Each structure stands twice: as C-alpha cells, then as structure tokens.
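Bear in mind that the values in this text are calculations on the coordinates, not laboratory data. Values in this document were obtained by computation on a predicted structure and should not be read as measured data. Note that each Cβ is placed from the backbone with ideal geometry, even for glycine, and that neighbours are counted across all protein chains shown.
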C-alpha cells in the first residue's frame, strides 16, 4: 500500500484587534463604524483574522499613546483575552505613539496602523518591476523614522538589489563610534536613493510610451474609483481582456491599458489604475506618482462607483478628494454607477443618477448598460466641444497644429512671441490647453517670458 505524501499545511492566520478613534475636529468622509468595517476588509485582504475592535472619541490624540491611558489598559486586557497578536489602528500613528503603545501592551503584541497594513497589501499584490520598486520605496520611507535599537539588523535581510521591500542590496561596515541603528539608517537611505534612480529609468520609459500614444491621436480614458468598485471587471468587459479580478481590496495595482472600440468606428485606450481609498497613505501617493500621472495625463476620467455600497457617496467624494491631491480634478469626467443589479429596487438607480453628473447605471459583471456607457464615452471624447481662448507661444507648435486639426477655429490673432486662438475644442483636449487658457483681463506669463527673451536677443 502506497504511503500518503503529507500535504503542506497553510500557516495559521494572525489574530488582530482593531482600534479606531473619532476626533471631534477631524471630519472624515466615512463614519468611524464604516471606517473600521473597511479596516477589517483590509485586514482580511492582508491575511489577518479580526477578533475584536475598540473605539474612543477624543478632542485630540493623547500625546503619548494616541488613545487615553484607561483605553490602553482596556485594549491590553481585550487583546490578551482574544489571543490577539497584533493591534491595528485605523489612523496613521507617529513613531512615538507606536513605541509607547507597544511598551504598554507588552512584548507579545505588535502595533501597526492603517498605513502599514495598506503597504503590506501593496507588497503582496505588486508584480511588475515598477510596482515592486514603488512599494519598496514607500515601505522604506515609512519605516525609516520608526527604526529603534530593537530593529532587526538589515544584513540578515540583504538579498541584493531589485527585490521586494526588505532587501537592502548589502550593508556597509560600521565606522568608528557608529551604532548599529545609525548603520541601519544609512543603509536604508542608500537603498532609497538607489530605488529612486531605478524608478527614474522606468518613468523615462513610461514618458516615451505616453508620448508615442499621444502621437497616435487615440484618446486615453483612465478608469478611476474606490478600491473594489469593479474597474478591472469593466475593462475585461469592454476589451475582452483577462485582467486579474478578485472580490477584495487592491486586487490589482499595476496599470493595464487596452484598446476599446467605441460607437462610430472610433477607438480609445482605456487604462485600469490603482484603486483609491480614504486616508490613502501619503507615502503611497509619493511613491506611485509616475503611475498616478497616467490619470493626470488622461483625456477623460471614467469614475467607477459601487452604487450598491451603503456609503457610495462617501467613497465617491474620497475619490474626488484624491484626484484633487494628484492634480487631476480638471480633467473631464463621467461616472459609471456599477453593480446597479444588486440594488433591492432597480428603479432606484434612475433616481440616484440625478445626484451624479454625466452618469449611467451599469453592471460590469452582467453587461447591463454597457452600450449606454460607451455612447457616453464616445460623446465626451468626440462630440462634446468646449469654448476656449488660448494664447500659445510659437514654440508650442504641436498644440497650435492640434487646435487647427481637431478644434473649430473662430478667430486667430498673431502677436509678438505667440498666437491667440479663439474657438472650441473637444472636451478631452481641455487639459492639454489649460496652462495657456486666456483669463479675463490677464496676459499670459508664458508669452511675456518669450517676449523678454526676444528683447534680450
């Protein structure tokens, strides 16, 4: 009788206790209850089991432990009672808060915050070289101010350059009088510098690719939305693609671009981008700036909203807030209210549409409303024209040609150093001309600079 080969067992999931604080003067888009529910989903995505939660209302964070001393003691007792191994705070903790909490809760309980949790999820889901470098950079910049003497020596993790977050590319020898902590900090700074150099190379390639796309004159549409709103499902539906889809937060990180046929034999390039979330870590926004530029350079934003979510409006506003932070709030936008088939009253979708400008109700999974969505995209990209007046320097010859080729020119005035054009252009081109738009009773600094250059010559 053949012996059974033992199968590998799945390691047990960590047990986590959640902690949330509602600050009186800090208005959030999601309620404390909804925010903690989202934190629980993030923990599940990271492979952690939530065993309980604790909340507190404060006028301001406690100077040492973020939550009050009494609440710390209660958290310690509950964590021990539920056998929790980690406590996850819903807000970003300062290095001091984290140290004092770990000291108070005991050596068997780790303390992390929402930012560290999201970074861990990103590290698990990044697969391209660019994505892995971006996450590694964000993790190092987050961890650098949190180093202590208890920090695990980095030489144990050294695995050469270009790996996932944690590899250092080697550790230098300690100088006279230099502590291990100082060596660790110096090593991390060196690794951060190396990653930034590598990302600059990747970004240069992306810029060349973006310039090539612009020369093709095929308009680009960026899919944006709260995480798990259904962006990848929609891209698969529109382009008959096979982008990875899962019912979890941040299932896909790396941007994917596909060509999509629109009504009227027109084409568009649609890019699936990283999902947004409230309290998106600033370290991630900084690290992913090259990827987020894909959004800022798009001709049109297609904002996906999970209309079946209880706090769909809060998620919608969180995305608008992030778009403003990355400088993409000036780009024309349409809204797809996804998962309309999951509403208890489907007719309610029509009433909900009134709250969202330029919107259409769809089901990306079932294909409902997709034709209406494509017609809206077609109209915004090729049929919607906006009145505009621009003052363009002669050196911006490409933009001058673009206005004449795709716009409707009403009046042209040649000035010293540039040309003034009045007319209308497709709405998708507004972002490209925004820097040269004529404001009432104002002159363009760009032209003025060029006139000064001419005078000096």
Kindly identify segment 217-383 as rounded, prolate or oblate by the Cα gyration tensor criterion: order the square roots of the eigenvalues as a ≥ b ≥ c, call it rounded if a/c is under 1.5, otherwise compare a/b with b/c, prolate if a/b is larger, else oblate.
rounded
May I ask you to derive the relative contact order of segment 217-383, considering only C-alpha pairs under 8 Å and at least 6 residues apart, and to give it as an integer percent?
25
Assertion target for 41, 101, ordered by fewest C-beta neighbours within 10 angstrom first, is 41, 101
Burial ordering of 33, 203, fewest other beta-carbon atoms within 10 Å first
33, 203
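Suppose we keep just the DSSP beta bridges with both residues in segment 14-118; what percent of those would be antiparallel, to 5?
Percent antiparallel among DSSP bridges in segment 14-118 is about 5.
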If you take every DSSP beta bridge fully contained in segment 217-383, what fraction is antiparallel? Give it as a percent rounded to 5.
30
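Looking at the square roots a ≥ b ≥ c of the eigenvalues of the Cα gyration tensor of segment 14-118, which shape do they give, rounded for a/c under 1.5, prolate if a/b is larger than b/c, or oblate?
Working: a/c = 1.56, a/b = 1.07, b/c = 1.45.
Oblate is the answer for segment 14-118, as a/c is 1.5 or above yet b/c matches or exceeds a/b.
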